[in-house]
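The values are calculated or read from the model by the stated rules, or taken from the named source; none is laboratory data. Just so it is clear, the structure is predicted and the values come from calculations on it, not from any experiment. Because the Cβ atoms are built from the backbone with ideal geometry, glycine has one as well, and the counts that use them run over all protein chains shown.
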Amino acid sequence: MEHSTSVMTSNPVTRRSLLRMAGGALLAAPMSMLTGGVVAGSAGNPGSAKAFVRTQTIEPGGTLNVAIGTDITSLEPQLTTETSSGGVRTNLYDQLVWHFTPDGSIIPWLATEWEVSSDGLTYTFTLTDKPVKFHDGTDFNADAVKATFDRLLQPERSGAAKLTLDMIQSVEVLDPRTVKFTLSKVFAPFLRRIADNPGAIMSPASIQQYGEDYGQHPVGTGPFRFVEYVTGDHVSFERNPDYWNGTPNFDRIEYRIVPEDAARTTLLETGEAQVVDRVTPQLADALKANPDVRIQETVTSRIVYFVLNQNRDLMKDVRVRQAVNHAVDRETIISSILRGYAVLADSPISKTVEFYAPQTPYAFDPERARTLLQEAGIAQGTEVVIWTPQGRYVGDRDFATAVQDMLKDIGLNASLQAFGDFPAYIQQLDSLEFDMAVWGWANSNDADSALNQTFSSDFVKVFPNWGSYSNPRVDELLDTAATELDSNRRAELYTEAQKILVEDAAGLFLHWQVNLTGVSPKVEGVFVHISETLVVRDAGFIA
């Protein structure tokens, strides 16, 4: 997910260039759409919605130190959608509507209400009447909203952020507090798309001043202002004293970039960090005995699986793909290697995601696997090339090694290559010179994001459908579901799609990742969003 690309280009924008920056996490999610209706602010008080309900008395002030395992790809919201940087950016920016809530619900934010046309093609937002200013002193208004999205939708721009919102046809200012979005097509998850990082509102003055260097001078309306970023080391924020939606609890937030798992947890134990992301299962078990550490477990939307590459002859036969599924003991991988910190995947959509429909997983049955290989004419000793990143997903190299051994047990000569540099791994996957490759894909609660990019024929041979899975019926189901406003009908369409994907063994679906976050008991309000995004902006030190 840590991958960079140029945003402005004179070359034709390809689907691959648009998607690349997603890094396996195009964040989108559906909400029951209202046609011809209005959604108002909470408790009849537009703009008063809060993302976190506090249960403890908070002592304002102090510095929150957060240790994260991966570097920042960009502090500009219109470049990348990967979740690690997204969590950092949540401190800087606000969106029209907000979905970085503990339960993943969408709430009014910079917009207090919105109206959707009866045909589902226009969204008219009423902005808060509170005096909101960007960190550079510029006023927030409808012109700022238009400037933000006009920039994103420029024809010469590319990137995953643009792809997530490419259904926007135009943005029109009706008055200083009213802005209308016109879509090129009905798109059921639209509200979730603009609630996510790519929908963050940017300062028109800073867009004009910094252009493509906006990421080095990030300006939003969020509760914290940018101070400093040192590549590979740290990024610092300070309290925004003029924040429009309440006083932030911390004076500063310091993110320390610490790739080594043990080093991050040591910072937590010594008190040098109060929050640590992606604690390993082994370290989590050890830390649970420490009264000065709290381990928060979050089942995320990220499915971890093996891409089965149908560009190579071996995986073109569905019987071979099914054999591989029968050969792998998922439950042992979860219990032994991941120490129970994962959930067995019985669908390509996580149980945390709307429209999830459980299917019957492939039983661990090596004998059935051998029979299927024999029926497919696969000789004993046939070579299988397996690739995996190392350190990107919990236990990735370890469970890939286990799968290698399980395939050898059914007569396949499986080799394994691990890649420590994740951006390089993504680029290497483009070569398609593998039979199986470990991959993970997260979303914010949306079956379209969960299935379309990963298994649609539109992305055959390119990121992220390197396996080139293609089924016309699945394409039809996914395309129809994305434009269907009736939730019951969408559920039917996505249920059928999930059933076919499992029957086709479109991938070797292993598990849904559980994120383990180390938190000091002195801090309240830290949570991991369903998208795997670490959110600390509403946290505070307990008095």
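The set of residues in the range 279-311 that are part of a loop (DSSP other than H, G, I, E, B) and either under 26 Å from the mean Cα position of the chain (by Cα) or surrounded by 17 or more Cβ atoms within 10 Å (Cβ to Cβ) (or both) comprises V279, T280, V293, N309, Q310.
Residue selection: T533 satisfies the criterion of being assigned by TED's automatic domain parsing to the domain that holds T83 and surrounded by 16 or more Cβ atoms within 10 Å (Cβ to Cβ). Restricting E76, E82 to those that are crowded, with 23+ Cβ neighbours inside 10 Å and at pLDDT below 85 reduces the list to E82.
Considering only residues that are of a type outside the set (D, E), more than 21 Å from N443 (Cβ to Cβ) and out of contact with any Phe, Trp or Tyr (no Cβ under 8 Å at 6 or more places or on another chain), which ones fall in the range 148-162? Hits for the range 148-162 are T148, R151, L153, Q154, P155, R157. Please specify each residue of the range 214-234 satisfying the condition of being of a type in the set (A, V, I, L, M) and either touching a helix residue (DSSP H, G or I) at 6+ places or on another chain (Cβ under 8 Å) or under 13 Å from G137 (Cα atoms) (or both). Selection gives V219 alone. If I ask for residues that are on the phi > 0 side of the Ramachandran plot and either assigned to a helix (DSSP H, G or I) or in contact with a strand residue (DSSP E or B) (Cβ under 9 Å, 6 or more places away or on another chain) (or both), which ones from the range 348-386 would you list? Hit for the range 348-386 is G381, nothing else. Modelled with pLDDT of 95 or more and buried (at least 22 other Cβ atoms within 10 Å of the Cβ), is that true of T112? Yes: the conditions hold for T112.
Note on the range 352-378: among residues that are β-branched (V, I, T) and within 27 Å of the chain's Cα centre (by Cα), the one that is farthest from T280 (Cα to Cα) is T360. Which of the residues belonging to the range 94-119 are under 17 Å from the mean Cα position of the chain (by Cα) and assigned to a loop (DSSP other than H, G, I, E, B)? Q95, H99, F100, T101, P102, D103, G104, S105, I106 - these are the residues of the range 94-119 that are under 17 Å from the mean Cα position of the chain (by Cα) and assigned to a loop (DSSP other than H, G, I, E, B).
Scanning the range 482-507 for residues that are at pLDDT below 95 and of a type in the set (A, V, I, L, M) returns A482, L485. Based on what the data block shows, is Q417 closer than 29 Å to P281 by Cβ and surrounded by fewer than 16 Cβ atoms within 10 Å (Cβ to Cβ)? Yes, satisfied.
Considering the conditions (1) in a helix (DSSP H, G or I); (2) among the hydrophobic types (A, V, I, L, M, F, W, C); (3) under 30 Å from V519 (Cβ atoms); (4) in contact (Cβ under 8 Å) with a residue 24 or more places away in the chain, A323 is excluded by exactly one of them, (3).
Scan the range 207-266 for residues that are of a type in the set (S, T, Y), surrounded by 13 or more Cβ atoms within 10 Å (Cβ to Cβ) and under 24 Å from the mean Cα position of the chain (by Cα) and the total you get is 6.
Taking the residues in the range 312-339 that are of a type in the set (G, A, S) and surrounded by fewer than 17 Cβ atoms within 10 Å (Cβ to Cβ) as candidates, determine which candidate is nearest to A400 (Cα to Cα).
This residue is S336.
Taking I349, is it at pLDDT 95 or above and either of a type in the set (K, R) or assigned by TED's automatic domain parsing to the domain that holds F509 (or both)? So I349 fails the test. Scanning the range 412-453 for residues that are at pLDDT 90 or above, in contact with a Ser or Thr (Cβ under 7 Å, 6 or more places away or on another chain) and assigned to a loop (DSSP other than H, G, I, E, B) turns up just one, L412. Restricted to the range 340-351, and to residues that are surrounded by fewer than 17 Cβ atoms within 10 Å (Cβ to Cβ) and not aliphatic (A, V, I, L, M), which residue is farthest from the chain's Cα centre (by Cα)? Only one residue tops the list, namely G340.
Among the residues making up the range 392-411, those that are crowded, with 21+ Cβ neighbours inside 10 Å and in a loop (DSSP other than H, G, I, E, B) are R392, Y393, V394, G395, I410. Within the range 454-476, the set of residues being crowded, with 20+ Cβ neighbours inside 10 Å and assigned to a helix (DSSP H, G or I) comprises T454, F455, F459, V474. Take residues that are farther than 28 Å from V536 by Cα and assigned by TED's automatic domain parsing to the domain that holds D538 and tell me which of the strands (runs of 3 or more DSSP E) falling wholly in the range 120-237 contain 1 or more. Correct list: 122-127, 168-175, 178-183. For the structure I just gave you, tell me whether S444 is under 22 Å from the mean Cα position of the chain (by Cα) and in contact (Cβ under 8 Å) with a residue 12 or more places away in the chain. Yes, satisfied.
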